[in-house]
Each structure stands twice: as C-alpha cells, then as structure tokens.
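Report on the following structure.
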Amino acid sequence: MSIWAVIPLLSFLAFAILAVVVLRQDGRRVNRVFGLFLIASGVWSFTSFMLHFNAYPQQALLWNEILVAALLWTAVSYYHFVRVYNDKPGGIGIYIGYSCVLTILALSLSGYIVKYAYIVNGTLYHSLGFSVYIVGGISAVFLISTALMLINRYRSSFDPTDRNRTIYLIIGSGIVIVSSYICNLTPSIAGLSIDHIGNITNALIITYAIMRYQLLNVRFVAQKVLAYVWLISCLGGIYAGVVFLGQRLLPSQPTYIIVLRTTVLVLILALLARPLSHKIEEWIDRFFHRETYEYRRALLGFSNRMSNIINLDELANEMLTTVTKALHLKQAKLLFQDLSSGDFTVHFAYPEVEGEPSGEIKFSADNPIVTWLHKENEPLHLGPIDSIPKFKGLWEVEKEQIMASNLGLLCPIKNRGRLIGILALGEKESDTLYSHDDLEMAMSMASQAGTIIENAQLYSQALVRANTDGLTELYNHRHFHERLEQEIARGSRFGTTFSLIILDVDLFKAYNDIHGHLAGDEVLRRIALCIKTSIRGLDTAFRYGGEEFAIILPEARLDDAYKVAERIRKTVGLKISSRATPITVSLGIANWPIDGVMKEKIISCADTALYRAKQTGRNRTCLSSDETKPETPVVGVEPEARSRALNIIYALAATVDAKDHYTYGHSKKVSDYAVALAEALGLSQDRIDTIRAAGLLHDIGKVGIPDSTLNKKGTLSDGEWGLIKTHPKLGVEILRHVIDLVSCLPIILHHHEHYDGSGYPSGLKGDNIPLEARILAIADAFDAITSPRPYRAQLSSQQALQELRRCAGTQFDPELVEVFCKVIEPTPSKGLEVK
C-alpha cells in the first residue's frame with residue numbers, strides 16, 4: 001500500500017468517527033447538516049483510498065467515476081453546513097447543488113465524464129475531457145460562496161469566541177479549495193492524493209475548533225469512541241478465543257462451521273451486551289470526570305431527586321451546590337424577582353463569599369438581558385456582552401456591575417413560558433470556556449427546575465401568609481408562640497437570654513368608634529411600621545391580637561429592652577399622634593429566664609407589666625419587676641392622670657360632634673367660650689380645668705338621642721322635646737363611672753337650667769344653679785345662635801350678644817352675661833374671636 005493510499009484512508013477514518021458521533025447527538029439542524037458534510041467527506045476519502053489502493057485494477061474507472069461526484073457532493077454539503085451555521089435557510093442553491101451532484105453521478109457512471117482511469121506506481125492517470133471544467137466550475141461556485149459567507153460571518157460578529165471559531169473554518173475551507181484544485185487541475189500532480197492532505201488538514205482544523213470553541217463536544221466523542229473500542233475489543237477477543245478453542249477441541253469440525261457458529265454466538269452476545277456497554281460507559285465517565293462524576297449524575301437526575309422538596313432554601317442550596325461542583329465553577333447564584341420592585345435580585349449564592357454583598361448584581365424587569373432571557377430558551381454568555389448589538393442599551397453602570405460579578409453564564413428558569421428566575425453561573429475554576437456538555441447540563445437543570453422552584457415559591461409564600469398578619473404584615477399570633485418556644489429552646493441549650501415586649505394601643509376602641517374601623521386599621525399599620533423601624537434586624541415583631549403587638553428581642557436584657565420599648569413609644573407619639581387625636585401606646589416587658597422559664601409565665605409577666613402601665617396613666621413602659629414593688633406615689637402621676645382624663649374627654653366629645661355635621665366642633669367652641677368667661681371671673685385653675693372638660697362633654701348625653709330628632713329641620717313635637725331634655729341626665733349616667741370626670745357631672749346636669757327657674761331637668765333657680773353650669777349655659781347658647789342650624793338662620797356676633805342681654809335675668813345670670821359680653825366684644829386690646 002503506497003503512501004498516497006494511506007492519506008485518504010486516515011482521512012476517511014477521521015471523518016467516519018466524527019460522523020458517527022455527531023449523528024448520535026441531539027437532533028439539532030446544525031448537527032444533522034454537519035454530519036451530512038462529514039459523510040460526504042468520508043465518501044470522497046474512501047473512494048480515493050479504494051482508487052489508490054488499486055486492489056482491483058479493473059475497478060479503477062468505477063471508483064474514479066464515483067470520486068468525481070463525491071468531490072462535488074463534499075463542496076455542496078460544506079456550503080449547506082455553512083448556511084446552517086450562519087442561521088440561514090437552505091434556499092434554492094441547496095436544491096440546485098444536490099441536483100448537480102446527482103446529475104454528475106449519473107453522467108459519470110454512464111461514461112460521459114471519465115474517459116479512462118488506471119493506477120501506475122500509486123499515481124492516477126485519467127481523463128475527464130471538457131467535463132473537468134464543468135465539475136470544477138460548479139464546485140468553485142459553492143466553495144467560493146462558502147468562503148464568502150464565512151468571511152461575512154467573521155466581519156459581522158462581535159463575539160470573540162464566534163469570530164475565532166469562524167476564522168478556523170475559513171482557513172480549513174481555504175486549504176480544501178487550494179489543495180483540491182491544485183491536485184485536480186495541475187496535470188503534473190493530478191494523480192497524487194494532495195487534495196486529501198488538504199482534506200485531512202481541514203479535518204484536524206475542525207477537530208481543533210471543536211475542542212477549543214465547542215462546535216462539537218469532543219469529550220463526548222472520545223467517551224463514545226473508547227466505549228465502542230472496549231466493547232468491540234471484548235467481542236473480538238471472545239470471537240478469536242472461541243475460534244481458537246474450537247479448532248483445538250473439535251479438530252474434526254470444518255473451520256467454516258466453527259467460524260459460522262462462533263459468529264452466531266458473538267452476534268447474540270452483541271445483542272445482549274447493552275448492559276455491558278452501559279457499564280463500560282460508566283467506567284469511562286468516571287475516568288473523564290473523576291471527582292465530579294457523582295455530582296454530574298446528580299445534575300442529570302435533578303428532577304427526580306428534587307421533585308419532593310418544597311422548601312425553597314433546601315432546594316436552592318442543593319441546586320447550587322450540585323451545579324457548582326459538577327461543572328467545576330467558582331460560584332453560582334439564583335436570582336428571583338422581587339415582589340415589590342420587580343427586579344431580579346440574588347436570593348441564594350454558593351459558595352457564600354465573606355464580605356461580598358449578597359445583592360451585588362440585579363436586573364430590572366425592563367433590562368435587555370431579562371427581555372432576552374424571557375424570549376430565548378438558551379443560555380447567555382456574559383463575556384462578550386459589551387460587544388453584542390442587542391445589549392447596547394445597557395447602562396455603563398450595569399455593564400460594570402456585570403463585569404465585576406465574575407459571572408460567565410445566565411440560564412433562564414421558566415415555567416409555562418414565564419421567566420421565574422435566573423441561574424447565574426460563575427467562571428470555571430480552570431478559566432476555560434464552557435463545553436457543549438456543560439451548557440446542556442446547565443440548561444437541563446434550569447428547565448427541570450422551573451416547575452419545582454415555582455412550587456417551592458408557592459409553598460414558601462403560603463407559609464409566609466400562614467405566619468403573617470394580613471393587615472400589618474407582621475408575624476401573627478400563631479407564629480409568635482412558635483418563635484417564643486424556639487427562643488426558649490435556644491436559650492436553654494446555649495444559655496442565652498431574651499426579652500419580650502407586649503404593646504397595647506391606648507383607648508383604641510374609642511378611636512375606632514369615632515373615626516371608623518378603616519382609620520383604625522391605618523393606625524395599626526403605621527404603628528407596625530414604627531415598630532419595624534425601631535427594632536434590630538434580629539428582633540421579631542408580631543401582631544399579638546386586636547390592637548396588641550409583641551416583640552421578641554434575642555440576647556437582650558431588661559435595660560436593653562426598655563430602651564427599645566421607649567424608642568417605640570416615642571416614635572408612635574411623634575409620627576402618629578396629632579393635636580385632635582392623640583395616639584399613645586403602653587408597653588410591658590418581661591425577661592427569660594429572670595421572670596420564668598415557661599412560655600406561659602413569660603407572657604403573663606409581660607402582660608402584667610402592660611396592665612400596670614395602663615393603670616398608672618398609660619403612654620408609658622413598665623418592667624415586669626415593677627409589679628412586685630409596693631404602690632408608692634410616682635412623680636408626675638397627677639399630670640399623667642390629667643392627661644388620661646383629657647384623652648377620654650377628647651374621644652367622647654368627638655363622638656358627640658360626629659353625630660351631626662351642623663354641630664361639628666360645637667363642644668370645643670363651647671369649652672373655649674366657657675374657659676374665657678371663667679378666666680375673666682378669676683376662677684382657680686382647677687375650676688377652669690373642670691369647666692373646660694364639662695364644656696367638651698356637656699352634650700355627651702345626645703349619643704342616646706336618635707339622629708332623626710337631632711337633625712330635624714321642622715318644629716319638634718312634645719315627645720321629641722321630651723327626648724332632647726333627657727340628654728343631661730343621660731350624659732351624667734354615662735360619665736359617672738369615670739372617676740376623673742366626677743367634678744364635671746353637676747355642670748353637665750344643670751347647664752340647661754334657667755336663671756328664673758324655668759329650665760330643666762331640676763328647675764333650679766338663681767344661685768342655686770352651680771356657677772360653672774351658669775357659665776356653660778351662656779357659652780352654649782352663644783355658640784348655638786352664632787352657628788348655622790337646619791331650623792333657623794345664623795346670627796352675627798353682635799346680634800347674639802343682644803339676644804343674651806335680652807334674656808339676662810330670665811334665662812341667664814345677668815352679671816355673667818355682662819362679663820361675657822365684655823370678653824366677646826372686640827376691642828383694640830382684647831376680644832375672643834368668634835368662630
């Protein structure tokens with residue numbers, strides 16, 4: 001066998017192995033057409049080998065005829081492959097090309113192309129006549145078109161990896177073109193296999209491009225080849241051994257019988273050898289992947305292993321650990337969409353890098369990268385991101401963030417066509433490119449993970465909803481008991497301590513009654529926000545129930561918890577209270593294990609401290625240890641008691657005013673007028689404070705009067721008047737249980753008595769009517785006649801004062817009327833504004 005026969009033989013073997021492996025891979029179009037090109041190249045090499053081998057000289061003409069068509073087939077299939085490589089459809093050129101191949105083959109086999117062909121000393125002598133120009137011209141058109149497509153691909157590509165891969169294909173195709181035409185069109189060397197030197201060079205270049213730039217998974221090729229070699233070697237060894245033993249043990253049997261029986265036996269073994277082939281492939285996989293073998297197997301079986309896991313933390317940890325170790329990555333991260341902002345942010349990372357912010361990289365919902373991942377179903381390489389036109393819209397800050405993240409690949413995680421997450425893979429530890437096998441495994445995991453992750457997210461959200469109060473978004477009562485038990489268990493195990501704060505909103509029921517439950521809900525939300533902003537990150541806040549909240553403070557002593565409680569109390573008073581409706585909170589604190597070791601005992605101690613805070617004036621913080629102290633006067637109790645009474649007064653007054661929009665603010669104005677008159681009379685501060693409170697509450701009994709009677713525009717009937725006249729007694733009945741308001745009761749009861757004894761409810765006369773009640777009667781009448789009413793017109797201030805003077809001595813105390821008129825009448829120096 002001459003060297004000119006060995007060259008095409010080696011070329012044929014290389015193309016045959018590549019073709020078998022490529023066609024066994026996934027059915028992508030580029031793989032199928034690449035395999036077709038390899039088959040055509042292999043046929044060309046094989047016919048050239050048979051021609052130069054010259055085993056049967058009489059067949060030289062036949063092999064040369066096939067060789068001519070195979071040469072054109074190779075050129076057309078290479079053109080076809082490059083079109084698919086450039087993501088172009090086949091087009092009419094492909095149909096014309098293959099039609100030319102079939103036509104040339106038919107003409108050649110009919111004797112119209114090759115006139116004669118024979119081999120002498122390894123050199124081919126043949127004549128193609130004018131047909132050589134036809135075949136050469138058609139081949140030239142396709143090969144030059146191929147080269148131009150590759151050159152355009154190279155010029156238009158911004159991906160360095162793609163450009164490098166394309167330049168290798170350009171060089172390989174150039175070598176094939178040059179070597180083919182030199183060999184076939186130069187008479188002096190036309191009979192030598194120089195074209196196959198170019199062909200095998202092209203095969204080596206493609207192989208190098210495959211290895212370096214992942215046009216094909218070479219490791220996969222090597223694994224399959226080794227597996228087949230092992231299997232064939234085993235079957236070949238069995239075949240040879242059986243034949244040898246058969247000849248020795250059965251010398252009387254003809255050799256062809258032994259060979260025939262052995263052949264049948266080996267064929268049966270080959271059919272049954274599938275488990276053996278799997279075992280051989282497993283051994284080879286272990287050899288190639290070594291310590292990552294088990295992780296790669298886990299990666300491939302991710303769906304089966306993870307389908308029963310619904311805890312998102314456990315799922316993410318298993319997923320990132322497996323993919324990092326299987327692919328030898330420096331890091332891996334999972335990005336999920338933030339429910340509030342819509343941005344994709346890092347929720348999980350492996351390994352956690354100390355000092356590195358967990359949210360170092362994020363993508364907004366309208367980021368071009370997110371848009372691309374949503375549309376495409378393939379991974380995105382971040383290396384050349386700066387040079388890809390479709391990502392030119394990225395901000396410079398975003399590009400710098402991507403480059404600083406050291407991430408190499410983004411894999412979309414989808415479920416039912418919707419992007420629910422991003423698997424971000426870092427650079428490989430070996431600083432090499434991702435192989436085709438790596439990409440397939442990463443995308444396989446991402447596609448399997450879509451449904452599993454969404455199920456885990458739904459479970460996690462359901463768990464959060466089950467443990468969260470819907471109004472305040474704090475943890476709920478059930479979760480409070482769970483966390484308290486966990487904290488007690490942790491403290492018992494590690495010897496730590498913690499404190500418990502229970503908070504209650506003061507007079508919240510009255511606030512709800514006055515302003516409505518929607519306004520009350522808003523107050524609870526704002527208090528929850530105040531609590532969140534006032535505690536540490538490791539502290540946990542809960543809505544304990546109704547208007548009560550609880551805070552667990554791990555590793556906090558009583559004095560630390562007291563500081564936190566006071567910060568909460570002051571923040572609520574500062575941010576939520578207003579002059580019209582003060583909002584305050586009372587807080588109780590207990591500590592584990594100082595106040596007890598059982599859950600019930602800790603809650604009871606904190607609750608008792610809260611009750612003490614309520615009893616001693618509200619709007620304060622009490623420690624559990626305070627409950628054991630004897631009752632002693634507390635500095636500031638009297639002002640606190642006054643504050644407590646004032647809270648009650650404002651709440652009840654607002655309740656009365658809310659019943660009728662015509663009288664809205666009436667109680668406050670009556671109180672102001674009455675206080676002004678009391679101050680003009682020089683009464684003591686205590687009596688003035690009592691008059692102020694009585695002025696606010698003088699109509700509290702009207703809460704029991706039907707709105708239809710209060711708001712009636714026409715004349716009241718005797719029965720309706722009877723109802724109206726009961727409101728002073730009803731007001732006293734309401735307030736008599738409030739100790740702080742006892743001094744107000746006579747004023748409220750008698751503020752409708754007349755100076756001449758014609759009033760109600762007791763018919764008192766003159767000085768028998770309490771002074772404070774006489775003051776309040778004047779203030780009440782003045783505001784009533786200067787305010788609009790549904791049953792009469794509003795009087796001016798001067799008209800109202802004239803009316804008071806007219807009724808002095810009959811309805812009102814005449815001396816008090818004169819003093820009041822002096823207070824109300826505007827002068828350059830003084831005067832009370834009429835509102």
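The values are calculated or read from the model by the stated rules, or taken from the named source; none is laboratory data. Just so you know, these numbers come straight off a predicted model, no measurement behind them. Counting neighbours? That spans all protein chains shown, and the Cβs are built from the backbone with ideal geometry, glycine included. Ligands, DNA and RNA are stripped out before the accessible areas are found, and what is left, the full protein with its side chains, is counted by its heavy atoms. Shrake-Rupley method; radii C 1.70, N 1.55, O 1.52, S 1.80 Å.
Here are the numbers:
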{"read-out": "Checking Ala550 against (1) closer than 19 Å to Phe480 by Cα; (2) under 39 Å from the mean Cα position of the chain (by Cα); (3) small (Gly, Ala, Ser); (4) open to solvent by 10 Å² or more (accessible area, probe 1.4 Å), the condition it does not meet", "value": "(4)"}
{"read-out": "Positions within segment 658-693 being surrounded by fewer than 19 Cβ atoms within 10 Å (Cβ to Cβ), at pLDDT below 80 and assigned to a helix (DSSP H, G or I), in sequence order", "value": "His661, Tyr662"}
{"read-out": "Selection within segment 704-732 - open to solvent by 50 Å² or more (accessible area, probe 1.4 Å) and closer than 21 Å to Ser743 by Cα", "value": "Thr726, Lys729, Leu730"}
{"read-out": "Residue that is at pLDDT below 65, among the small types (Gly, Ala, Ser) and not in a loop (DSSP other than H, G, I, E, B), where the choices are Ser173, Ser180", "value": "Ser180"}
{"read-out": "Pair list, Cβ < 7 Å and 6+ apart or interchain, from segment 545-560 residues that are over 18 Å from Asp607 (Cα atoms) to residues that are open to solvent by 50 Å² or more (accessible area, probe 1.4 Å) and assigned to a loop (DSSP other than H, G, I, E, B)", "value": "Pro554/Leu538"}
{"read-out": "Index of the failed condition, Ala528 passing every other in (1) over 31 Å from the mean Cα position of the chain (by Cα); (2) open to solvent by less than 30 Å² (accessible area, probe 1.4 Å); (3) modelled with pLDDT of 90 or more", "value": "(1)"}
{"read-out": "Any hit, segment 620-635, residues being closer than 30 Å to Lys563 by Cβ, at pLDDT 60 or above and surrounded by fewer than 20 Cβ atoms within 10 Å (Cβ to Cβ)", "value": "yes"}
{"read-out": "Whichever residue in segment 741-767 is assigned to a helix (DSSP H, G or I) and of a type in the set (A, V, I, L, M) and, among such residues, is nearest to Leu697 (Cα to Cα)", "value": "Ile748"}
{"read-out": "Tally of residues being in contact (Cβ under 8 Å) with a residue 40 or more places away in the chain, farther than 17 Å from Glu566 by Cα and in contact with an Asp or Glu (Cβ under 9 Å, 6 or more places away or on another chain) across segment 516-543", "value": "5"}
{"read-out": "Count - residues of segment 418-450 that are over 21 Å from Phe336 (Cα atoms) and of a type in the set (S, T, N, Q)", "value": "3"}
{"read-out": "Whichever residue in segment 772-788 is touching a Leu at 6+ places or on another chain (Cβ under 8 Å) and assigned to a helix (DSSP H, G or I) and, among such residues, is nearest to Asp813 (Cα to Cα)", "value": "Arg774"}
{"read-out": "Selection count, segment 478-516, where residues are of a type outside the set (D, E, K, R), farther than 19 Å from Trp592 by Cβ and open to solvent by 20 Å² or more (accessible area, probe 1.4 Å)", "value": "7"}
{"read-out": "Residue tally, condition touching a residue at least 24 places away in the same chain (Cβ under 8 Å), part of a helix (DSSP H, G or I) and not small (Gly, Ala, Ser), over segment 694-740", "value": "16"}
{"read-out": "Verdict on Ala613 being farther than 23 Å from Arg525 by Cα, open to solvent by less than 20 Å² (accessible area, probe 1.4 Å) and touching a residue at least 24 places away in the same chain (Cβ under 8 Å)", "value": "no"}
{"read-out": "Any chance Gly759 is assigned by TED's automatic domain parsing to the domain that holds Phe782, surrounded by 14 or more Cβ atoms within 10 Å (Cβ to Cβ) and not hydrophobic (A, V, I, L, M, F, W, C)", "value": "yes"}
{"read-out": "So Leu745, is it modelled with pLDDT of 90 or more, under 18 Å from Ala694 (Cα atoms) and open to solvent by less than 60 Å² (accessible area, probe 1.4 Å)", "value": "no"}
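Here is a yes/no grid of residues against (1) surrounded by 20 or more Cβ atoms within 10 Å (Cβ to Cβ); (2) outside any helix (DSSP H, G or I); (3) more than 57 Å from the chain's Cα centre (by Cα):
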residue: Trp44; (1), (2), (3): yes, no, no
residue: Leu51; (1), (2), (3): yes, no, yes
residue: Gln59; (1), (2), (3): no, no, yes
residue: Leu67; (1), (2), (3): yes, no, yes
residue: Tyr79; (1), (2), (3): yes, no, no
residue: Val82; (1), (2), (3): yes, no, no
residue: Tyr95; (1), (2), (3): no, no, no
